[in-house]
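Please read the structure below before turning to the comments.
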Amino acid sequence: MDVGSHRERWLAHGVPAREIDRAEAYAARWGGLILPPSHQFEGGPKVLDTDIPEGSAEEGWWIPAGFPRCSVSFGFLISPDGEFGAYGEQWAPLHATVEGWIESQALARDAFRWANQVTRLTGDAVDDLDLTGFERVPEVVGIADDWWRGPDSLVAVHRGEAECYDDPRARAAYVSSGLGPRMPGYDPRDPAAYVSSGLGPRMPGS
């Protein structure tokens with residue numbers, strides 16, 4: 001979206017200039033990025049882009065973050081503090097930054113591609129998952145959704161959808177095992193060794 005062409009109209013609707021600047025910066029960096037399907041939130045956003053910020057001076061302003069793949073009862077937003085998350089029945093911050101969300105999607109793509117086996121856990125089994133000997137993947141800056149690195153495996157823990165709908169049954173975890181040297185750049189000894197690259201092309205004109 002060309003945010004600049006909408007600035008005057010958004011200002012007339014009461015959106016502060018600094019929030020329009022924030023939406024414009026997001027669109028300039030991420031607008032038009034096409035993402036592969038996510039394993040949560042009905043595939044996640046298909047394309048990252050923005051629209052008129054929503055909110056007020058009292059509750060803060062929220063930046064729309066992307067267009068879903070189908071008709072859904074939630075939206076992807078960037079919070080007043082810069083968190084990337086989803087709003088359904090309530091707000092669920094997924095990652096502390098947009099970059100964290102992007103990194104998590106790239107990591108999921110590669111982990112599923114290179115793993116010998118992927119195991120899915122749901123509900124209470126997620127909380128029973130033993131992560132002894134694992135360490136968090138710092139690049140994803142996870143909040144409700146997070147990633148953990150082990151000797152030859154990666155674990156994605158998703159609590160965001162459960163928080164979004166206050167439904168603990170929606171908790172999910174994916175254990176991608178048998179990675180080791182199979183996954184390019186994967187080194188469990190170095191927390192910063194694996195940083196994923198871009199996920200896909202951008203839409204024309206973005």
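The values are calculated or read from the model by the stated rules, or taken from the named source; none is laboratory data. All values reported here derive from a predicted model rather than from experimental measurement. FYI the Cβ positions are ideal-geometry reconstructions off the backbone, even for glycines, and counts take in every protein chain you see. Please note that ligands, DNA and RNA were not included when accessible areas were found on the heavy atoms of the full protein model with its side chains. Shrake-Rupley method; radii C 1.70, N 1.55, O 1.52, S 1.80 Å.
Among the residues of region 50-68, the one identified as without any contact (Cβ under 8 Å) to a residue 40 or more places away in the chain, surrounded by 15 or more Cβ atoms within 10 Å (Cβ to Cβ) and not in a strand (DSSP E or B) is A65.
When region 20-49 is filtered for residues that are open to solvent by less than 20 Å² (accessible area, probe 1.4 Å) and more than 30 Å from V155 (Cα to Cα), the ones remaining, listed by number, are I20, A23, A27.
Kindly indicate the residue of region 1-19 that is surrounded by 14 or more Cβ atoms within 10 Å (Cβ to Cβ) and not basic (K, R) and also nearest to A108 (Cα to Cα) among those meeting that condition. Within region 1-19, the match that is nearest to A108 (Cα to Cα) is M1.
Given the condition assigned to a loop (DSSP other than H, G, I, E, B), more than 22 Å from D145 (Cα to Cα) and modelled with pLDDT under 95, answer yes or no: does some residue in region 16-26 qualify? Please lay out each step first, then the result.
In the first step, residues of region 16-26 are kept if they are assigned to a loop (DSSP other than H, G, I, E, B); the result is 16.
From the residues that got through so far, the ones that are more than 22 Å from D145 (Cα to Cα) too are 16.
Then keep just the ones that are modelled with pLDDT under 95; that gives none.
Scanning region 16-26, I find no residue that is assigned to a loop (DSSP other than H, G, I, E, B), more than 22 Å from D145 (Cα to Cα) and modelled with pLDDT under 95, so the answer is no.
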